[in-house]
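Following: one structure in structure tokens, then a few remarks.
The values are calculated or read from the model by the stated rules, or taken from the named source; none is laboratory data. The model shown is predicted, which means the values in this text are computed figures rather than measured ones. With ideal geometry, Cβ positions are generated from the backbone for all residues, glycine too; neighbour counts draw on all protein chains shown.
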Amino acid sequence: MPTILIVDDSLVDRRIAGACVEEAGAIPQYAVNGRQALELISKSKPDIVLTDLQMPEMDGLELVCSLQIESPRTPVILMTAHGSEAGAVEALRAGAVSYIPKINLKRDLSLTLETVLETVNASAERRRVRSFLDEITASFTLGYERGAPQALVSYLLDGLEQLGFVNDSGMIQTGTALTEALTNAIDHGNLELDSALRESDELTYRELKDERTNMAPYCERRVHVSVLLTQSKATFTIRDDGVGFDPSTLPDPNAPENLLLPYGRGVMLMKMFMDTVEFSDRGRCVTMSKNGPVPMERAP
């Protein structure tokens, strides 16, 4: 079973997070601040670190920065609360792979852990291919098949891995951005579901989602994905068949006060983790790119 190190100076919050981790099928470990967490990680590395931001001695941002140096393969997920938004934005830029508002921990932790663990466990043995690979192009069409977005993201990350494109943290961040883009295209694009409904009534949101996947015109819509991977750049274009929206109404991902809004989280993570994100076709199409390392020299 995977182990999750929970870092929080609040005993109550540690117990809540620990119960959520156990429900997600993982083993919780505990530390009261970043300094203690680093000591524990030096002796036995967890699969994931789940950390609060505001703590004495060493806070969550300092922990993320230290782990980027001392244990860069250990992914960090942030637990955010009101008042910690600015630190969360800095921590994501410093290398944290995702964040979960504490009020949504029980609802969102399981899926987030699954996404991160799948990326962590991806094979790292084929990066040599990059030295003689020119490009990979592919296109896909998704309906509402169960597990399809996760399977596609895993496949795309395999392509990045073969190219030696990014480090483990970058792989997880890219996987997060792709997952969010596909979720937006399916849920908010093709099914026209409102994020605010999910925040206020999760059960009704899921029931409406199931209903619309079998109801015209929603059931006839598809998500179209095209990919171009080269030695120096990865470009992903994701287009839905929905009615579209005005991208200018999206919250500014650089504004910390927008971190806990009930909408825009997916786009915020996309813009945080990709080098470019551009919307077109009235918001129905998003093109994201990730710059890779300097191309490797080809063998003679």
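Tabulated values for the structure
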item: Looking only at region 84-98, and only at residues there that are small (Gly, Ala, Ser), in a helix (DSSP H, G or I) and out of contact with any strand residue (DSSP E or B) (no Cβ under 7 Å at 6 or more places or on another chain), the one that is surrounded by the fewest Cβ atoms within 10 Å (Cβ to Cβ); result: Ala86
item: Residue list for region 44-73, restricted to those being among the charged types (D, E, K, R) and either within 22 Å of Leu113 (Cβ to Cβ) or touching a His at 6+ places or on another chain (Cβ under 8 Å) (or both); result: Lys45, Asp47, Asp52, Arg73
item: Identity of the residue in region 285-300, buried (at least 19 other Cβ atoms within 10 Å of the Cβ) and at pLDDT 85 or above, that ends up farthest from Val223 (Cα to Cα); result: Lys290
item: Qualifying positions in region 142-193 - touching a residue at least 12 places away in the same chain (Cβ under 8 Å), more than 28 Å from Ala94 (Cβ to Cβ) and either of a type in the set (Lys, Arg) or in a loop (DSSP other than H, G, I, E, B) (or both); result: Gly143, Tyr144, Leu191, Glu192, Leu193
item: Every residue from region 60-83 that is touching a strand residue (DSSP E or B) at 6+ places or on another chain (Cβ under 8 Å) and either outside any loop (DSSP other than H, G, I, E, B) or crowded, with 24+ Cβ neighbours inside 10 Å (or both); result: Gly60, Leu63, Val64, Leu67, Pro75, Val76, Ile77, Leu78, Met79, Thr80
item: Subset of region 29-78 that is in contact with a helix residue (DSSP H, G or I) (Cβ under 9 Å, 6 or more places away or on another chain) and charged (D, E, K, R) - its residue that is farthest from Ala91 (Cα to Cα); result: Asp47
item: Yes/no for Val227 being buried (at least 19 other Cβ atoms within 10 Å of the Cβ), more than 17 Å from the chain's Cα centre (by Cα) and either assigned by TED's automatic domain parsing to the domain that holds Gly264 or modelled with pLDDT of 95 or more (or both); result: yes
item: Flag for Asp47 being assigned by TED's automatic domain parsing to the domain that holds Leu111, within 25 Å of Arg265 (Cβ to Cβ) and touching a residue at least 60 places away in the same chain (Cβ under 8 Å); result: yes
item: Subset of region 1-28 (residues that are surrounded by fewer than 19 Cβ atoms within 10 Å (Cβ to Cβ), in contact with a helix residue (DSSP H, G or I) (Cβ under 8 Å, 6 or more places away or on another chain) and either of a type in the set (Ser, Thr, Tyr) or in a strand (DSSP E or B) (or both)); result: Ile27
item: Residues of region 200-217 satisfying the condition of being of a type in the set (S, T, N, Q) and outside any helix (DSSP H, G or I); result: Thr213, Asn214
item: Residue list for region 168-218, filter: under 17 Å from Gly264 (Cα atoms) and of a type in the set (A, V, I, L, M, F, W, C); result: Ala177, Leu178, Ala181, Leu182, Ala185, Ile186, Leu191, Leu193, Ala196, Leu197
item: Matching residues in region 47-58 - criterion: being surrounded by 22 or more Cβ atoms within 10 Å (Cβ to Cβ) and either within 23 Å of Gly25 (Cβ to Cβ) or of a type in the set (Asp, Glu) (or both); result: Ile48, Val49, Leu50, Thr51, Asp52
item: Identity of the residue in region 230-244, among the hydroxyl-bearing types (Ser, Thr, Tyr) and modelled with pLDDT under 95, that ends up surrounded by the most Cβ atoms within 10 Å (Cβ to Cβ); result: Thr230
item: Any hit, region 249-269, residues being of a type outside the set (Asp, Glu) and at pLDDT 95 or above; result: no
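So that you can scan it fast, the table gives a plain yes or no per residue for (1) farther than 20 Å from His224 by Cα; (2) of a type in the set (Lys, Arg); (3) modelled with pLDDT under 80; (4) over 12 Å from the mean Cα position of the chain (by Cα):
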site	(1), (2), (3), (4)
Thr119	yes, no, yes, no
Arg126	yes, yes, yes, yes
Phe140	no, no, no, yes
Arg146	no, yes, no, yes
Ala177	no, no, no, no
